[in-house]
1. Just to make sure I understand: if all protein chains stay in place, what is the order of V93, V672 by accessible area at 1.4 Å, largest first?
2. Spin-label point model (7 Å from Cα, Cβ direction): what's the L328 to E569 distance in nm?
3. For F530, what accessible surface area do you get with a 1.4 Å probe? Give it in Å², rounded to 10.
4. State to the nearest 20 debye the size of the charge dipole of the chain about its Cα centre, where the only charges are +1 on K and R beta carbons and -1 on D and E beta carbons.
5. Run the simple label-point estimate for F530 and D375 please: 7 Å along Cα→C-beta, distance reported in nm.
6. Spin-label point model (7 Å from Cα, Cβ direction): what's the A638 to R274 distance in nm?
7. Give the ranking of H13, H172, H520 by solvent-accessible surface, highest area first, calculated with a 1.4 Å probe.
8. If I take R0 = 45 Å and measure r between the Cβ atoms of L296 and R228 in this structure, what FRET efficiency does the formula 1/(1 + (r/R0)^6) give, to the nearest 0.05?
Amino acid sequence: MAQSIYITSAEGHSGKSTVALGVLDALSHATARVGVFRAIARSTIERDYVLEMLLDHDGVDLPYDDCIGVTYDDVRHDPDAALATIVERYKAVEAQCEAVVIVGSDYTDVGSPAELAYNARIAANLGAPVLLVLGGRSAQNQTQPEQLGSSLPRTADEMGQIADLALAELRHGRAKLFAVVANRAEAGNAEETIAAIRRSVDAHRGEATVPAAGSQTSVPVWAIPEDRHLVAPSIRGIMRSVDGELLSGDPDRLTREALAVVVAGMSMVNVLPRLLEGAVVIIPADRSEVLLATLLANASGTFPSISGIVLNGGFELPEPVTRLIDGLGSSVPIITTELGTYETAVRIMGTRGRLAADSQRRYDTALALFEQSVDTDELLVAFGLARATVVTPLMFEFQLIERARAQRRRIVLPEGGDDRVLRAAATVLKRGIADLVILGEPFEVRARAIELGIDIQAAEVLSPLDPVHVHKFAEEYARLRAHKGVTLGQASDTVTDVSYFGTMMVHLGLADGMVSGAVHTTAHTIRPAFEIIKTRPGVSVVSSVFLMALADRVLVYGDCAVIPDPTSEQLADIAISSAATAAQFGIDPRVAMLSYSTGESGSGADVEKVRDATALVRSRAPELLVEGPIQYDAAADAAVAAAKMPGSDVAGRATVFVFPDLNTGNNTYKAVQRSAGAVAIGPVLQGLNKPINDLSRGALVDDIVNTIAITAIQAQGE
């Protein structure tokens with residue numbers, strides 16, 4: 001039977017989707033099979049965006065239709081029959097999982113006192129303890145009419161009173177309390193809020209407030225602070241609210257949050273001073289001069305950057321104006337609606353933020369807030385979930401991030417003009433994985449980040465043409481390459497190349513490592529490292545490995561990216577470096593020197609090269625467990641190993657696979673990646689004095705994040 005947790009709230013708009021995502025993420029790092037279940041959905045016609053967001057998480061592999069219990073109509077028609085259906089459908093999900101996150105109803109029946117009681121009944125019948133989410137903000141009373149998502153914070157006493165009422169309902173419904181989260185709490189009042197809720201919990205102590213795992217003496221209480229970007233509506237949400245259509249602009253910018261609303265119902269000169277950062281601007285469609293002025297102001301850099309424009313009234317723009325807008329090439333979304341100004345403003349003010357997987361900023365913000373505010377180790381202990389013996393790709397990626405966070409390092413990203421790099425940088429900064437330096441013209445890089453709706457404010461953005469750094473780097477590069485006849489003038493030209501500039505930062509200690517290659521070739525990325533960083537003492541070559549995250553373990557493959565046809569000495573270097581890399585990432589190194597022959601069964605130049613390399617490894621690193629020559633099946637499969645190489649400490653249990661040449665290694669890692677569904681993390685360069693890592697030019701944002709984490713971990717060992 002799977003362990004489960006039921007996440008519900010005492011009212012609507014408490015932000016329990018943020019808590020559900022955080023809990024799901026934490027559980028997926030501790031167990032291989034995590035499921036989600038939505039007890040009550042609004043309808044079967046319109047897809048539930050919370051469930052879709054949770055199902056999109058990498059740790060979940062369940063079809064949407066299987067994960068819904070009933071609809072509100074079902075509950076209204078026959079509550080008892082609906083409850084029976086919920087239990088039946090939940091059990092089908094539970095049978096496929098080790099842990100299940102159950103999300104309660106959304107309070108579409110606003111003001112119904114029976115809704116929490118019904119959620120309590122569901123939780124009790126599913127045998128799932130309740131994680132109660134309490135909203136830290138009043139649902140009414142905007143603090144500033146022009147600020148979207150703003151509302152009055154509740155006092156600690158008010159939070160205690162709400163907890164009292166909710167806990168009484170849970171107790172009456174015989175639901176067990178697992179934990180309480182005060183979401184969107186006032187940041188400066190967190191301790192008082194937690195204390196007030198804890199007093200309420202203690203007052204309701206008894207069987208109903210004992211955590212399911214029985215390992216805690218008290219129920220955990222946590223407080224998550226509000227983040228404006230998380231609660232503000234997206235431009236896509238606003239477009240949906242006003243029944244609008246996208247007239248022009250970048251569709252990707254529809255995920256950007258609208259932090260304020262400006263009604264531009266006045267002349268152009270009076271509108272411009274009233275523009276606000278991140279605002280959505282409502283402009284009557286027949287005021288084309290205001291529209292053009294707003295677009296120009298946004299492009300000028302001397303006015304705030306707006307999130308979007310809504311043209312109301314349903315008037316068609318004149319052809320010359322449309323042509324002029326097209327010529328400006330603005331990426332600001334312009335939405336048209338038939339509604340009048342008042343109705344447009346009312347609907348926009350009533351639009352609420354949604355946590356969805358298509359907004360990386362919201363997703364990262366939600367996870368970061370949860371991780372910073374909730375003790376996930378305490379959560380897992382209370383949950384009673386034993387740590388899994390297998391290591392899934394998701395678990396391994398989480399371990400990388402956790403290790404990088406433990407000792408944050410400063411990583412330079414030379415390719416600040418690439419959107420993937422900027423998006424990855426935003427994730428790295430928000431999740432606290434590393435400190436970053438991004439190369440590029442500061443205004444251009446930061447302006448593009450704003451356009452993408454991502455936050456890189458915590459990064460240093462540095463121009464590779466910065467005269468102070470160029471002069472310093474040129475002098476050092478000329479000194480290093482004097483034996484090659486490099487002059488100061490030549491060095492000044494060379495170090496303005498972003499790869500050289502970034503490498504010089506690492507060399508001089510201005511950064512701990514570098515990640516590049518999203519838009520540059522491998523040669524362009526690592527050539528400066530060969531010239532400047534150079535190899536470690538005792539290592540003759542720079543090589544690479546891929547960390548191959550299989551379904552239940554992580555293997556190391558080397559070399560799959562750098563040396564085409566290594567000699568015996570180079571193969572030995574690769575093996576020793578790969579074993580060291582494996583150990584650095586928590587993998588016990590057992591090295592298999594691969595060949596088409598196992599043991600003494602074969603002969604020929606290729607086999608002898610591997611045999612000689614194995615002997616060199618044993619003499620240079622006698623503490624390593626190494627076997628070779630050995631075939632892949634004998635190295636990886638215990639049954640084959642028992643027949644071909646019985647008694648070996650490596651055969652059938654190898655974790656580090658050293659390929660005889662680049663052709664074999666590169667094709668093998670790709671075959672395993674595609675055929676076995678493995679996640680290939682890398683290439684990770686090894687053998688350099690300081691960490692420099694190369695990206696594939698087809699790298700995804702997640703690949704870049706992982707490589708930054710790997711580079712930071714490598715730098716921790718420096």
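1. Working: V93 0, V672 30 Å².
I get V672, V93, largest accessible area first.
2. The answer from the label model is 6.5 nm.
3. For F530, the solvent-accessible surface is approximately 90 Å².
4. Numbers: 62 positive and 89 negative charges, 212 e Å.
So the magnitude is around 1020 debye.
5. 5.3
6. Going from the A638 label point to the R274 one covers 7.4 nm.
7. On the way: H13 115, H172 155, H520 45 Å².
Largest to smallest exposure gives the sequence H172, H13, H520.
8. Details: r = 27 Å, r/R0 = 0.60.
My answer for the efficiency is 0.95.
The values are calculated or read from the model by the stated rules, or taken from the named source; none is laboratory data. All values reported here derive from a predicted model rather than from experimental measurement. All Cβ positions, glycine included, derive from the backbone under ideal geometry; neighbour counts span all protein chains shown. Note: areas computed on protein heavy atoms with side chains; ligands, DNA, RNA excluded. Shrake-Rupley method; radii C 1.70, N 1.55, O 1.52, S 1.80 Å.
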